[in-house]
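Remarks on the structure that follows.
Just so you know, all these numbers are worked out from the coordinates, no wet-lab data involved. All figures in this text were calculated on a predicted structure; none of them were measured in a lab. Quick reminder, even Gly has a Cβ in these numbers, built from the backbone with ideal geometry, and neighbours come from all protein chains shown.
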């Protein structure tokens with residue numbers, strides 16, 4: 001997610017407004033990591049055909065993007081840092097909970113996002129996400145962190161894991 005975000009030209013004004021709201025919110029209430037992954041989600045939605053961001057207000061979509069990333073990373077869990085109940089997230093955005101959850105659900109459905117989804121896990125939490133490390137080896141699901149270093153390196157080379165955990 002470190003590459004520049006690709007957004008179709010027609011969607012750039014909407015993306016700019018949504019990402020600005022995401023950045024402001026995350027800077028004030030969360031952290032840069034949440035902003036980074038939430039912006040990536042907004043950019044992905046801009047590339048959908050047709051983009052769902054064409055309907056609705058940018059503030060609602062910004063809230064929904066942060067809501068989805070928060071849900072995926074258990075932002076509501078008190079043991080997490082940062083921690084923010086999702087209801088409070090909606091209130092801080094000034095968006096009704098039903099509107100936010102409806103938009104968030106549409107994002108989750110469109111992109112098939114689930115809790116602990118490796119694609120939307122915060123970079124600092126990748127190492128602790130068990131779904132990131134599950135790899136099919138000879139028909140068996142294996143936690144690659146427990147495999148020999150050579151197998152970890154091959155899984156990384158093939159793009160199956162984000163980094164070699166044994167190093």
Among 36, 149, 89, determine the one that fluctuates most according to a GNM of the chain built with springs between C-alpha atoms less than 10 Å apart.
149
What do you get for the angle between helix 58-72 and the principal long axis of the chain? Use alpha-carbon atoms, 0 to 90 degrees, nearest ten.
30 degrees
Gain on full stretching of the segment that runs from residue 141 to residue 79 - 0.36 nm per residue minus C-alpha separation:
19.4 nm
Computed over the chain: longest principal axis from alpha-carbon atoms vs helix 32-47 long axis, angle to nearest 10 degrees, is 80 degrees
Place a point 7 Å from the Cα of residue 32 in the direction of its beta carbon; the residues of the stretch 115-149 whose amide N falls under 18 Å from it are 122-126
Only helices counted: for the chain, with every DSSP H run of 4 or more residues adding -39500 (n - 2.57) and the sum spread over all residues, [θ] at 222 nm is -15500 deg cm²/dmol
Can you put 11, 134 in order of Cβ neighbours within 10 angstrom, beginning with the fewest?
134, 11
